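The values are calculated or read from the model by the stated rules, or taken from the named source; none is laboratory data. Keep in mind it's a predicted model, so treat the numbers as computed, not measured. Don't worry about glycine lacking a Cβ; one is built from the backbone with ideal geometry, like all the others, and counts go over all protein chains shown.
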Amino acid sequence: MRELTRQQPVWTEPVSNDPMVRRLPWPELFDWELAGVAVACALLATWLDDWLAGAVLLVLWLGYKLLVFPGGTPVLVLAFGFEWLQVSLGVLYHDATGRDLMTIAQSEYRPMVFIGLGCVIALAVGLRLGVTLVWRYRAPGEPWPEEAFTWPVLVGVYVTMLMSETTVKNFAWDNPSITQAVLAIDMARLGVLFLLFRRLTRPTIRWHFIGLLLLVEIVMGFIGFFAGFREPLILVVLALLEVFDRRSNEHRIALASILVLGAMLGVLWIGIRTSYRRDFTELDTYQTSAQKRISHIQDLSSTWWHRDTHDLMNDVDLFVERVWAVYYPALAVARVPAQVPHTNGGLMWAVIQHIAMPRIFFPDKPALPSNSDLVRRYSGVWVAGQEQNTSIAFGYAAESYVDFGVPLMFLPIFVFATFMGMAYAWLMNHIYHRELAVALTTVVFWLSLYLFERSWAKMVGDALTMLLYLGTVTVLLDRLLLTKFVRQGSGAQAAG
């Protein structure tokens, strides 16, 4: 049986006979590595003439060092990276291109970017601490099967879930007391989709099948009301990263192509979503006809593609603004406490009370204030709200700042991240089928951690709901399949 060595691929599960080695150590920092990062940060800051760009690069490196470890999966570092992007993208884009952005022109964005970097560092440190406290490497002799399902079962479950998704969601919204539970279990479809992508990368990458499956998911995502094409792209990236060989040109080109495709689709969606959503809302037959929606998306995309360069670049600017989620938080930092006092934990206490009363047991519990109301009060901007069936994102970082200010605002982020790191390690340790553990943690921890602009109530509530429902179902399924696996193994030994 293999012993734990530093030469093993990073995403493989090491095995060790030594109980002391089974604990996950903190990452090592080498003098040459620190020197190289310092030089890279200095060069970037000099090239862009902005010291903040150097700080942005340093935070990205710290997150990578903390969240990439043997036996883990790429989901933690990718979720961290997406939050980092939402804090940093506008700075890098403006410094590199010189193009004006609304956030830069109309807000003091730099303090909020600095605060946002502190938030993502607190997230990374908390996740690594939580994982370190609970993690254990696998011991020789324990049953650790790789696959849980056969190909026909996996494909059949995926097709069934895909065809019934709309029905399940309508049922969830028609029954408010169990909406969160049903929607959480519905997220299992993404887990099955990830398993398909993951299977298609082993033992070799079957690009044609991956491309076909990705095409289906992107089309289905585009004809919905929201940008549902994002998750399939992320899931295929996560599947590829598990087997990624940085020495392979094929792997590098494929990964870069998917990232570029994601950016292009994001810009396209920004350019056509207003017209598309207007028709989606106003025309009843349009909502019920997938063919009409696909045809309309094609027409809108063709028109968008033939716009002049100036208009296309304006859409790129809007896409950057949409991803760079610091505008309203930056306005709040400027107003609190200069014009509006800190709440001293009032927002967090309301969230705790709300989460402690699950709607399945308290169907009449009052709703929390909308994000738009928080933006209006603390950012001083009258944005669209419940009157227009809209909610403008404020974000957990802004809520923490309004509650506690710097530096206490980083404490709840660190505590939540530590809990999530512990939950991640526990699930990876106690779900014996590797692909079940990877699929569950990929879905739960991506959806729970990737959005910087998500409110505390949404982030914590969704995380606990998915851990409770999806986690419980997966653990029970794993135990059922493990019993069968062990019984088959014992039968094979007896026959031998």
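Just checking, how many residues over segment 157-177 are among the β-branched types (Val, Ile, Thr) and either crowded, with 17+ Cβ neighbours inside 10 Å or under 18 Å from residue 232 (Cα atoms) (or both)?
So the first thing to find is which residues in segment 157-177 are among the β-branched types (Val, Ile, Thr), and the list is 157, 159-160, 166-168.
Filter again for either crowded, with 17+ Cβ neighbours inside 10 Å or under 18 Å from residue 232 (Cα atoms) (or both), leaving 157, 159-160, 166.
Total satisfying the criteria: 4.
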(message) Whether any residue in segment 382-390 is touching a residue at least 12 places away in the same chain (Cβ under 8 Å), in a helix (DSSP H, G or I), surrounded by fewer than 22 Cβ atoms within 10 Å (Cβ to Cβ) and not hydroxyl-bearing (Ser, Thr, Tyr) is what I want to check.
(response) yes
(message) Kindly evaluate residue 419 against the criterion of being surrounded by 18 or more Cβ atoms within 10 Å (Cβ to Cβ), in contact (Cβ under 8 Å) with a residue 40 or more places away in the chain and either in a loop (DSSP other than H, G, I, E, B) or of a type in the set (Phe, Trp, Tyr) (or both).
(response) no
(request) Return the residue satisfying two criteria in turn: it lies in segment 190-232 and is surrounded by fewer than 19 Cβ atoms within 10 Å (Cβ to Cβ) and under 17 Å from the mean Cα position of the chain (by Cα), and of such residues it is nearest to residue 146 (Cα to Cα). (result) 230
(request) Identify, from the list 397, 367, 457, the residue that is of a type in the set (A, V, I, L, M) and either within 30 Å of residue 479 (Cα to Cα) or assigned to a loop (DSSP other than H, G, I, E, B) (or both). (result) 367
(request) Looking for whichever is modelled with pLDDT of 75 or more and within 30 Å of the chain's Cα centre (by Cα) here; the options are 9, 27, 14. Which one fits? (result) 27
(request) Can you run down the residue pairs with Cβ atoms below 6 Å, 6 or more apart or on separate chains, where the first is in segment 217-242 and within 24 Å of residue 169 (Cα to Cα) and the partner is in a helix (DSSP H, G or I) and among the basic types (Lys, Arg)? (result) 223/293
(request) Would you please list the contacts, defined by Cβ atoms under 9 Å and residues six or more apart or on different chains, that run from a residue in segment 17-37 that is under 20 Å from residue 64 (Cα atoms) to a residue that is surrounded by 12 or more Cβ atoms within 10 Å (Cβ to Cβ) and modelled with pLDDT under 80? (result) 23/137; 24/137
(message) Which residue is surrounded by the fewest Cβ atoms within 10 Å (Cβ to Cβ), if the candidates are limited to segment 145-156 and must be in contact (Cβ under 8 Å) with a residue 24 or more places away in the chain and assigned to a loop (DSSP other than H, G, I, E, B)?
(response) 146
(request) List every residue pair whose Cβ atoms sit under 6 Å apart, with the two residues 6 or more apart in sequence or on different chains, where the first one lies in segment 458-469 and is within 18 Å of residue 426 (Cα to Cα) and modelled with pLDDT of 95 or more and the second, anywhere, is charged (D, E, K, R) and part of a helix (DSSP H, G or I). (result) none
(message) Conditions first: (1) among the hydrophobic types (A, V, I, L, M, F, W, C); (2) buried (at least 16 other Cβ atoms within 10 Å of the Cβ); (3) over 23 Å from residue 184 (Cα atoms). Residue 340 passes all but one, so which condition is the exception?
(response) (2)
(message) Take the residues in segment 370-380 that are modelled with pLDDT under 90 and either among the charged types (D, E, K, R) or in contact with a helix residue (DSSP H, G or I) (Cβ under 8 Å, 6 or more places away or on another chain) (or both); name whichever of them is surrounded by the most Cβ atoms within 10 Å (Cβ to Cβ).
(response) 372
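Here is a list: 97, 160, 132, 179. Which entry is without any contact (Cβ under 8 Å) to a residue 60 or more places away in the chain and more than 30 Å from residue 314 (Cβ to Cβ)?
Values: 97 fails: more than 30 Å from residue 314 (Cβ to Cβ); 132 fails: without any contact (Cβ under 8 Å) to a residue 60 or more places away in the chain; 179 fails: without any contact (Cβ under 8 Å) to a residue 60 or more places away in the chain.
Going through 97, 160, 132, 179 in turn, the sole match is 160.
Every residue, every condition in (1) exposed (fewer than 14 other Cβ atoms within 10 Å of the Cβ); (2) under 30 Å from residue 181 (Cα atoms), yes or no:
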residue: 306; (1), (2): yes, no
residue: 315; (1), (2): no, no
residue: 326; (1), (2): no, no
residue: 332; (1), (2): no, no
residue: 353; (1), (2): yes, yes
residue: 358; (1), (2): no, yes
(message) I'd like the residue in segment 74-132 that is among the aromatic types (Phe, Trp, Tyr) and over 28 Å from residue 236 (Cβ atoms) and, out of all such residues, is farthest from the chain's Cα centre (by Cα).
(response) 109
